[in-house]
1. Across the stretch 313-347, what is the total count of residues that are hydroxyl-bearing (S, T, Y) and either modelled with pLDDT under 90 or open to solvent by 30 Å² or more (accessible area, probe 1.4 Å) (or both)?
2. Could you grab the pairs with beta carbons closer than 9 Å, sequence gap of 6+ or different chains, first residue in the stretch 31-43 and farther than 19 Å from G10 by Cβ and of a type in the set (S, T, N, Q), second one surrounded by fewer than 14 Cβ atoms within 10 Å (Cβ to Cβ) and at pLDDT below 85?
3. Among the residues of the stretch 73-99, how many are under 14 Å from L35 (Cβ atoms) and loosely packed, with under 15 Cβ neighbours inside 10 Å?
4. Could you count how many residues in the stretch 348-368 are of a type outside the set (V, I, T), farther than 20 Å from I76 by Cβ and open to solvent by 60 Å² or more (accessible area, probe 1.4 Å)?
5. Looking at F9, F48, F65 in this structure, which one is in a strand (DSSP E or B) and more than 26 Å from the chain's Cα centre (by Cα)?
6. Test N192 against the criterion of being closer than 20 Å to D275 by Cα and either out of contact with any Phe, Trp or Tyr (no Cβ under 7 Å at 6 or more places or on another chain) or at pLDDT 95 or above (or both), and give yes or no.
7. Those residues that are assigned to a strand (DSSP E or B) and within 24 Å of the chain's Cα centre (by Cα), I need them from the stretch 74-99; list them, please.
8. For the stretch 68-82, state whether one or more residues are farther than 22 Å from K234 by Cα and free of Cβ contacts under 8 Å to residues at least 12 places away in the same chain.
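The values are calculated or read from the model by the stated rules, or taken from the named source; none is laboratory data. None of the values given here were measured: they were computed from a predicted structure. Because the Cβ atoms are built from the backbone with ideal geometry, glycine has one as well, and the counts that use them run over all protein chains shown. All accessible areas refer to the heavy atoms of the entire protein, side chains included, with ligands and DNA or RNA removed. Shrake-Rupley method; radii C 1.70, N 1.55, O 1.52, S 1.80 Å.
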Amino acid sequence: MLSGFSVDFGSTGFVLSDLFKADNRPINDKVSEVLNKLSVKDHAKLNFQIEVLNAGYRYDDKNYFSFGFYEEIDAISYFPKDPLKLLTDGNSAYLNKSFDLSQILYKVDVLGVLHFGVTRVVSEKLTVGARFKIYSSALNMESSKNSGTFTTVNGSNNIYTHYLDNVNVDLKTSGLVENNEFIDSPGTYLGNTFFGSNLGIGFDAGFTYHSSKQLEFTGSIVDFGFVKHKKNIKNSFVKGSYVFEGIEFSYDPNNPTNYWAELDADFKEKVPSGDNQDSYISWRPTKFNVSLKYSFGERRSKYCYDNTYKDYYRNALGVQLYSVFRPLNNQLALTGFFEKSFSEKLHAKVTYTIDDYSFYNIGAGISAQIGKVNFYGMVDNIAQFNDIASTNNISIQLGINVIFN
């Protein structure tokens, strides 16, 4: 029940201290400065996972089976620089500027994952594995492939003329609304993570190949799959073009005019908008890993489950490339690592990672076994722990496993 817990948060373009540092500067000035620094590729992400159950059983010398269930929150939002500027500064200071609505791009998933896997030793050099997954989505919110612009110019019949050009914005949600009311019960979301109404399938696959006793090559694909959303759906859309020159007010106490109602009716007539309950498919953020590791140093032997001994080396150096598919582009990370085995049951690892968030991310991990209990813990960006608010990325992972022989 404690076999895995991890949390990973990251942002590009700014850090929390840019907004909340105690430097006596007005918050409006800080917000404007941050918005000026942002680009359309800057984003914030959050990933949280907790293993509810994870177990495995070695069937024989060649086959190992596993199964389990975990809950996951995965969210990413790209900063919509133009819409944020429009909301914070207004449009009067940006005459003739076209605010790009395609920058509205985000994806949020809350789901449970039931998985069944098998690992097989093909030969002394090659081991392969695969895992089948059933996704149960409790919440999905996403929007992508939007288009259109909003532009304000000096008007001829009024001070300004506003143009909405070729707007096509679609906001999808699943699991958020039921019977036209927002779901506000945490228990409902939690229950829907286990065989709810919005299900999907996926798989993981990987291999380990030893070209020699000291050189190891690995590769894997994780979360290649999708979820079909068909219940508790509310999709909002706006599609079309519109020109607005303001409201010409006239006063008639005997026949008052509802100007805003007329404007709303005119807008809806010329620009189709509204809600629907159309089902849709959401793809999981597929991940790829490849690594190369060279083991060296003192060679030792350890006692294995099948009453045999296996050689291992005290030290190892390696490099790993990681990639994850995201709505705008792939995110890459390159990691170099050093592993040290202090004994058969105590191991440590130090990493140095270059990615979208930092060029100097130093991490550390440890794995220890006491009796039948294995404990592991890992943390990234340890150089920034004294000032978390000024770091772009932080991740922590830990777990406890009980091993039966």
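1. Final tally of qualifying residues: 3.
2. S32/T88
3. 5
4. At the first step, the residues of the stretch 348-368 found to be of a type outside the set (V, I, T) are 348-349, 352, 355-361, 363-365, 367-368.
With the extra rule that they be farther than 20 Å from I76 by Cβ, the set shrinks to 348-349, 352, 359-360, 363-365, 367-368.
Keeping just the survivors that are open to solvent by 60 Å² or more (accessible area, probe 1.4 Å) gives 349, 352, 359-360.
Selection size over the stretch 348-368: 4.
5. When all the criteria are applied, what remains is F65.
6. Numbers: closer than 20 Å to D275 by Cα: no; either out of contact with any Phe, Trp or Tyr (no Cβ under 7 Å at 6 or more places or on another chain) or at pLDDT 95 or above (or both): yes.
No.
7. D74, A75, I76, S77, Y78
8. no
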